[in-house]
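Undergrad: Just passing along the structure, written as structure tokens.
The values are calculated or read from the model by the stated rules, or taken from the named source; none is laboratory data. This one's a predicted model, so the numbers in the text were calculated from it and none came from an experiment. Because the Cβ atoms are built from the backbone with ideal geometry, glycine has one as well, and the counts that use them run over all protein chains shown.
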Amino acid sequence: MTNELVAQLMARKFDLSLPRCELRQRESTVPRVYSGPGFIRQGADGTLILRMFAQEDADQGEQLMRLFGVEQTPGVLIPDTSLFDLSATDQSGDTWRANRVSIEETFGISTEIHATLAEIEKLAESNVRAKSASRSWFIPEAFELPWHIQTKSEKGISTDRFEFEDDAFAWKVRKVEGGRIASLTVKQTLLDPHAQHFLYALGMLSGRILEPLVSHQIEDCRHTTRIDVSCSRKPARLNGPLETTINRHHDAHRFLSCCLRNSHQSHPGAVANGQVVDQLSILYRFWYRIAKAQANDIENSSLVLSVAIEGILNEIFHSEHDTDVVFAEALHAAKPTIEQLEINERVRDSILRSLENSALPKPKDTMQRLKEQGALHQDHIVAWNALRNKGAHGALLEDATAELQKHFNRYFRCLDLFYRLAFVALGYRGHFVDRSASKWPTSQFPPPPKPSKAAANGIGTSK
């Protein structure tokens, strides 16, 4: 990744000459292919505009068919046959590609093609083989981390870097003008899915949905640069799980390490079709929904948060140990009697299905087990139950200070519950911001065990 490329894109002055371009129609037995010179130029709104001058012989009848004879497929808004894949070569001989491009044609002396590109990537080869695979990102967002490494420059000394390295991974994040540059190096395994996991984890840690404008990947001799101008300049935010002060950088690195190393760690319920699921991706998908909802609506975000907690419990934590064994045995014993009832068959089948579902593990049963294990407390369960019921049944939030405060207390207690579930799933142990307590103190996870009554009364302790 070059500073020049980032500077051009941020200033919206990206300009690329392409002596050779080819647009090939997708999903067609006889695809249309356009070839010729062109260029990509950035518009004032940041979009990338492709203009290409195709060298082709098309009579007026064929041109009219392209303009007005678009094939329509019932139920399909944009058929693949109306999209094209771009492959182009710049003046340095590097290849640029973009897929699923929608084009507009203008006919004259030659066929001129216009297209708006949301993203494009450059492929290049190097004569030097990289020792380790890596990916770096420029993120146009000034998010905060526990910066703990200093940089000396002509302007003085600034603490503006966040870095870590061990035997498997190395990552760096540094402040730059207009945003942050982050990078991950993978030493002993494949770059993916770890690179994507790192970006997910960094987003959760910083409390920002991170949308890179530019990414640069190095694997062996291959260099791939990707530009994505569809990223939002106003990304959604959510309170993160940890402090971002300098003295907490060890906790932040520990959290990222757990996300990379334990994303596929097996927990009760975290198995689908015999395969351990990608827990971090599940957690991030729910976290992303919560962040998006919180940015738009107070009441809707409460329902999204409570449902996200239920989703995590279902996807990762539910197990047969959460079943009420006594109740399940009673249902099993009652089943033959119900099957012999002389009632409408549909009614009988409905009763049997309802009874079978009632014996399945419930979110509150799973939370009760986690409470007994010390991961959460009763206030979390009470807050989740209230938030879930009010949101699911359409209860309106009263416009009164006291009621709003109660709502926010429940909301942030549930957000704290969400992060605690993430800590358990990922195996994180360390300090965190306890949003279930007054004034949001820094606490230890998992919480230290409470002293027994005997110890509290001084029984069995040395004097």
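Undergrad: Modelled with pLDDT under 90 and within 27 Å of residue 135 (Cβ to Cβ): is that true of residue 99 in this structure? Steps first, please.
TA: Details: modelled with pLDDT under 90: no; within 27 Å of residue 135 (Cβ to Cβ): yes.
So residue 99 does not fit the description; no.
Undergrad: Residues that are under 28 Å from residue 421 (Cα atoms) and touching a helix residue (DSSP H, G or I) at 6+ places or on another chain (Cβ under 7 Å): list the strands (runs of 3 or more DSSP E) wholly contained in region 141-215 that include at least 1 such residues. Even if it seems obvious, please write down each step before you answer.
TA: Values: elements: 149-153, 156-165, 169-176, 179-186.
Qualifying strands (runs of 3 or more DSSP E): 156-165, 169-176, 179-186.
Undergrad: Moving to a separate point now. Looking at (1) of a type in the set (Val, Ile, Thr); (2) modelled with pLDDT of 95 or more; (3) surrounded by fewer than 21 Cβ atoms within 10 Å (Cβ to Cβ), which is the only condition residue 176 fails?
TA: Going through the list (1) of a type in the set (Val, Ile, Thr); (2) modelled with pLDDT of 95 or more; (3) surrounded by fewer than 21 Cβ atoms within 10 Å (Cβ to Cβ), residue 176 breaks only (2).
Undergrad: Another question, then. Determine whether region 15-25 contains at least one residue that is in contact (Cβ under 8 Å) with a residue 12 or more places away in the chain and under 30 Å from residue 142 (Cα atoms). Quick ask: steps written out before the conclusion?
TA: Taking region 15-25 as the starting set, the residues that turn out to be in contact (Cβ under 8 Å) with a residue 12 or more places away in the chain are 15-25.
Of the ones still in play, those that are also under 30 Å from residue 142 (Cα atoms) are 15-16.
Yes.
Undergrad: State yes or no: is residue 115 surrounded by fewer than 16 Cβ atoms within 10 Å (Cβ to Cβ), at negative phi and out of contact with any Phe, Trp or Tyr (no Cβ under 7 Å at 6 or more places or on another chain)? Reasoning before the result, please.
TA: Numbers: surrounded by fewer than 16 Cβ atoms within 10 Å (Cβ to Cβ): no; at negative phi: yes; out of contact with any Phe, Trp or Tyr (no Cβ under 7 Å at 6 or more places or on another chain): yes.
For residue 115, the condition - surrounded by fewer than 16 Cβ atoms within 10 Å (Cβ to Cβ), at negative phi and out of contact with any Phe, Trp or Tyr (no Cβ under 7 Å at 6 or more places or on another chain) - is not met.
Undergrad: Among the residues that make up region 370-377, is at least one of them of a type in the set (S, T, N, Q) and in a helix (DSSP H, G or I)? Outline the logic, then answer.
TA: Keep residues of region 370-377 that are of a type in the set (S, T, N, Q), which gives 373.
When the remaining residues are screened for being in a helix (DSSP H, G or I), the result is none.
Within region 370-377, none of the residues are of a type in the set (S, T, N, Q) and in a helix (DSSP H, G or I).
Undergrad: Moving on. Hey, which of the strands (runs of 3 or more DSSP E) in region 77-124, taking only ones fully inside, have at least 2 residues that are among the polar types (S, T, N, Q) and within 15 Å of residue 20 (Cβ to Cβ)?
TA: On the way: elements: 83-89, 95-107, 111-117.
Counting at least 2 such residues, we get 83-89.
Undergrad: Taking region 351-375 as the search range and keeping residues that are at pLDDT 85 or above and among the small types (Gly, Ala, Ser), which one is nearest to residue 427 (Cα to Cα)?
TA: The extreme case among them is 375.
Undergrad: Considering only region 124-146, state which residues are closer than 21 Å to residue 254 by Cβ and either free of Cβ contacts under 8 Å to residues at least 40 places away in the same chain or among the aromatic types (Phe, Trp, Tyr) (or both). Explain how you work it out, then say what you get.
TA: Taking region 124-146 and keeping what is closer than 21 Å to residue 254 by Cβ, we get 143-146.
Within region 124-146, 143 is the sole residue that qualifies.
Undergrad: Given the conditions (1) modelled with pLDDT under 90; (2) not in a loop (DSSP other than H, G, I, E, B); (3) not aliphatic (A, V, I, L, M), and given that residue 29 satisfies all but one, which numbered condition is not satisfied?
TA: If we test residue 29 against (1) modelled with pLDDT under 90; (2) not in a loop (DSSP other than H, G, I, E, B); (3) not aliphatic (A, V, I, L, M), just (2) comes out false.
Undergrad: Please count how many residues of region 249-261 are surrounded by fewer than 20 Cβ atoms within 10 Å (Cβ to Cβ) and in contact with a strand residue (DSSP E or B) (Cβ under 7 Å, 6 or more places away or on another chain).
TA: Taking region 249-261 and keeping what is surrounded by fewer than 20 Cβ atoms within 10 Å (Cβ to Cβ), we get 250, 254, 257, 261.
Filter again for in contact with a strand residue (DSSP E or B) (Cβ under 7 Å, 6 or more places away or on another chain), leaving 254.
Counting residues in region 249-261 that are surrounded by fewer than 20 Cβ atoms within 10 Å (Cβ to Cβ) and in contact with a strand residue (DSSP E or B) (Cβ under 7 Å, 6 or more places away or on another chain) gives 1.
Undergrad: Among residues belonging to region 196-239 that are hydroxyl-bearing (Ser, Thr, Tyr) and buried (at least 18 other Cβ atoms within 10 Å of the Cβ), point out the one that is nearest to residue 281 (Cα to Cα). Steps first, please.
TA: The initial filter retains those residues of region 196-239 that are hydroxyl-bearing (Ser, Thr, Tyr), namely 200, 206, 215, 224-225, 230, 232.
Now narrow it down to the ones that are buried (at least 18 other Cβ atoms within 10 Å of the Cβ): 200, 206, 215, 225.
On the way: 200: 8, 206: 17, 215: 20, 225: 24 Å.
This residue is 200.
Undergrad: Would you please name the residue that is farthest from residue 235 (Cα to Cα), looking only at residues in region 147-185 that are without any contact (Cβ under 8 Å) to a residue 60 or more places away in the chain and among the hydroxyl-bearing types (Ser, Thr, Tyr)?
TA: For region 147-185, the residue satisfying everything is 153.
Undergrad: Considering every residue within region 141-149, establish whether at least one is in contact with an Asp or Glu (Cβ under 6 Å, 6 or more places away or on another chain), surrounded by 18 or more Cβ atoms within 10 Å (Cβ to Cβ), at pLDDT 95 or above and over 26 Å from residue 229 (Cα atoms).
TA: Within region 141-149, the subset in contact with an Asp or Glu (Cβ under 6 Å, 6 or more places away or on another chain) is 147, 149.
Still in the running and surrounded by 18 or more Cβ atoms within 10 Å (Cβ to Cβ): 147.
Filter once more, keeping what is at pLDDT 95 or above: 147.
When the remaining residues are screened for being over 26 Å from residue 229 (Cα atoms), the result is 147.
Within region 141-149 (the criterion being in contact with an Asp or Glu (Cβ under 6 Å, 6 or more places away or on another chain), surrounded by 18 or more Cβ atoms within 10 Å (Cβ to Cβ), at pLDDT 95 or above and over 26 Å from residue 229 (Cα atoms)), the answer is yes, since at least one residue qualifies.
Undergrad: Would you mind finding the one in 223, 197 that is within 30 Å of residue 41 (Cα to Cα) and assigned by TED's automatic domain parsing to the domain that holds residue 132?
TA: On the way: 197 fails: within 30 Å of residue 41 (Cα to Cα).
Checking each option against the conditions leaves just 223.
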